[in-house]
1. Restricting to region A:207-246, count the residues that are open to solvent by 30 Å² or more (accessible area, probe 1.4 Å) and without any contact (Cβ under 8 Å) to a residue 60 or more places away in the chain.
2. Which one is most open to solvent (accessible area, probe 1.4 Å) among residues in region B:307-325 that are part of a strand (DSSP E or B) and of a type in the set (Lys, Arg)?
3. Give B:Val207, B:Val137, B:Val183, B:Val161 a once-over and let me know the one that is open to solvent by less than 10 Å² (accessible area, probe 1.4 Å) and in contact with a Ser or Thr (Cβ under 9 Å, 6 or more places away or on another chain).
4. Check off (1) part of a loop (DSSP other than H, G, I, E, B); (2) more than 25 Å from B:Ala12 (Cβ to Cβ); (3) more than 16 Å from the chain's Cα centre (by Cα) for B:Asp135 and give me the number that stays unchecked.
5. Applying the selection to region B:296-306, what residues are buried (at least 24 other Cβ atoms within 10 Å of the Cβ) and within 20 Å of the chain's Cα centre (by Cα)?
6. Consider region B:1-27. How many of its residues are among the hydroxyl-bearing types (Ser, Thr, Tyr) and either open to solvent by less than 40 Å² (accessible area, probe 1.4 Å) or over 30 Å from B:Asp118 (Cβ atoms) (or both)?
7. From (1) within 14 Å of chain B (Cβ to nearest Cβ); (2) open to solvent by 10 Å² or more (accessible area, probe 1.4 Å); (3) of a type outside the set (A, V, I, L, M), pick out the condition that doesn't hold for A:Asp23.
8. Restricting the search to region B:139-175, which residues are under 19 Å from B:Ile81 (Cβ atoms) and aliphatic (A, V, I, L, M)?
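The values are calculated or read from the model by the stated rules, or taken from the named source; none is laboratory data. Computed from a predicted structure; not experimentally measured. Please note: Cβ atoms are built from the backbone with ideal geometry, for glycine as well, and neighbour counts cover all protein chains shown. What goes into the accessible areas is simple: the full protein's heavy atoms, side chains included, and nothing from ligands, DNA or RNA. Shrake-Rupley method; radii C 1.70, N 1.55, O 1.52, S 1.80 Å.
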Amino acid sequence: MLEIKGLKVKLEDEDKQILKGVDLKVEAGKVHAIMGPNGSGKSTLSYVLSGRDGYEVTDGEATLDGEDLLDMEPEERAAEGLFLAFQYPVEIPGVSNMTFLRTAVNAQRKARDEEELSATDFLKDIRAKAKTLKIDADMLKRPVNMGFSGGEKKRNEILQMAMLEPKMCILDETDSGLDVDAMKLVSEGVNALRDEGRGFLVITHYQRLLDHIKPDVVHIMADGRIVKTGGPELALEVENNGYADILAETA
Amino acid sequence: MSLLVQKQEATAALLDGVSVPAGASWITSIRDAAMARVVDNGLPHRRDEYWKYTRPDTLTAQDPVPAPVFDSGEAPMFDEIDRLKVVFVDGIFDADQSDALEGEGFTIECLSDVAQKDIHWAKDLYGQLEAKGQDPVERPLASLNTALAEDGIVIHVTGKVSRPVSFIYKHEDENSDAILHHVVKMEEGTSFTLLENGPAAARFNTVLEVDVPDNAEFHHVRAQGRDHDRRAATHMFARLGTESVFKCFTVTVNGVLTRNECVLELTGDDAVAHVAGACVGDGEFSHDDTVFITHDAVNCESRQVFKKVLRNGATGVFQGKILVKPDAQKTDGYQMSQSLLLDDDSQFLAKPELEIYADDVACSHGSTSGAIDEEGLFYLRARGVPKDIATDLMTLAFLAEAVEEIEDEALADCILTRLEGWLERRRG
């Protein structure tokens, strides 16, 4: 599904190398987690994959089902089935959540030469999915993320994911700013989307999210590289001993 | 030579041989007085304080710059709104295209008829608010309008009128030079909605005077026509009585030059005045909102909300003033002017002014210029919305904050649809 080979990335405006050769392969149906200390390049990886400005790929490649991601505009990547759940979902005054989602769903369908969803079908779909995430009609009507609490913003991200039905989902520190109940709700939303045809890359600092979203593979990232890969037990090791031991052993 | 003398001489030369239209004695004396104001003040000059940002020369020149008629192919504005239609073609009332001039709760007449009547209530309003509005800032183009206008509509509102009256300004002659002067006199406790739309002429000068007495409510929604090369100088003068409401909104799409002046005087306690506007300009486009609101009573509210989207070298101007007189305590004045600059070539020039002589007031103003929020844009694109559509969505959201000032949802929808269409045609 997602294949990253030798990816090297620097900041566009600064001579600062952030990713120093990342290799990663996420298979369909699998949940991979990336853990790592602050500044290891986890969020940069998610931004580069989704096409945010400000980064320059100096080497390597990233493909989704064989398609070169790095060559595409952000909207093309989305239409290919890539989805990034933002660490800090953006507030957009004046654009209602509903309009935003309908525009996004239909833009993707159009890009894939599929027929646009009718207003009624869309409404039916979004109402059902919003309900399971405890997102009420008022939140759908409000401008995108405006006045939403931290938990509401993250639930809104998962709602978007549910509506857009991507094949590859990247969750960037989705657990940040969530209390226990909100984390459970969000995790349930994510788990409901786990599917044979869908891959997940879960970026997190902490093991606790992985109690709810059980990963198949755990990677440890440090200083722009993946330094260790293992099973779910690796996350527990981090939880118990911190990163220091792992970093020392791979240094 | 002083600027004033220079202006007076230029104006005298320009108006040499021009005489006010024939009419009944009352209107002739009003027109003569207005003409005297024009000659005394001189027509606007680019060195005038309030004409620094908008060049007045094409508005004051002998002849208008020709403006080709533009067929947008769009459905006419307010098409789906039930209203009384009053049609002008190049500034001349067209009875055949208009509905019968009658309605419940008001009388409606043509200025050309009214001006011939020896006795008419309009003598107490026509040109009066305009004359008063010359102080402290002169508005010579409005005086010129009072002096020379032969056509326009004169309305007397005697009840609560639900069906709007709609002025439709058609432009068919590329050399037309139109002057229209409208007067609306309301009785206490009445309500009325006026709509205006269309490009009107190559050059268009309008004055609208509205007397909104105690407990009356006046709403105004205007769409300025889309002809690219048209020029317009519009003036709105209103007096507000106790607990009265005045709300106006103008959308401007295209037009090489637009100067919209709005002069309001809140003379009765607890009056409410809202002035709002949204404009979108692409390329050769200069749009100027000049607002002067005088608070002269207790506990009044005034609110100005202006949004401008500018691209390809378009220019937006905002000159907004709130004057709070010594006894106008508890004044609540709000003023917001914002521009969205879609490229580096466009500019927004804003001059907010507050002049406050009362000590117990709340007045705030804000003016911003900015580009599209990159974070928001990326967020939309990351969800699969193509860049151009995402930009439009955010642009429309920016404008919507001004459009929301329109109370009537159906009218607000008309405006949003027009703005949406404009953005859509410029995609890619």
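1. So the count comes out to 15.
2. Applying the filter and picking the extreme gives B:Arg311.
3. After ruling out the rest, the residue left standing is B:Val207.
4. Result: B:Asp135 fails condition (2) only.
5. B:Ser302, B:Gln304, B:Phe306
6. So the count comes out to 2.
7. It fails just one condition, (1).
8. Of everything in region B:139-175, those that are under 19 Å from B:Ile81 (Cβ atoms) and aliphatic (A, V, I, L, M) turn out to be B:Ile153, B:Ile155, B:Val157, B:Val161, B:Val165, B:Ile168.
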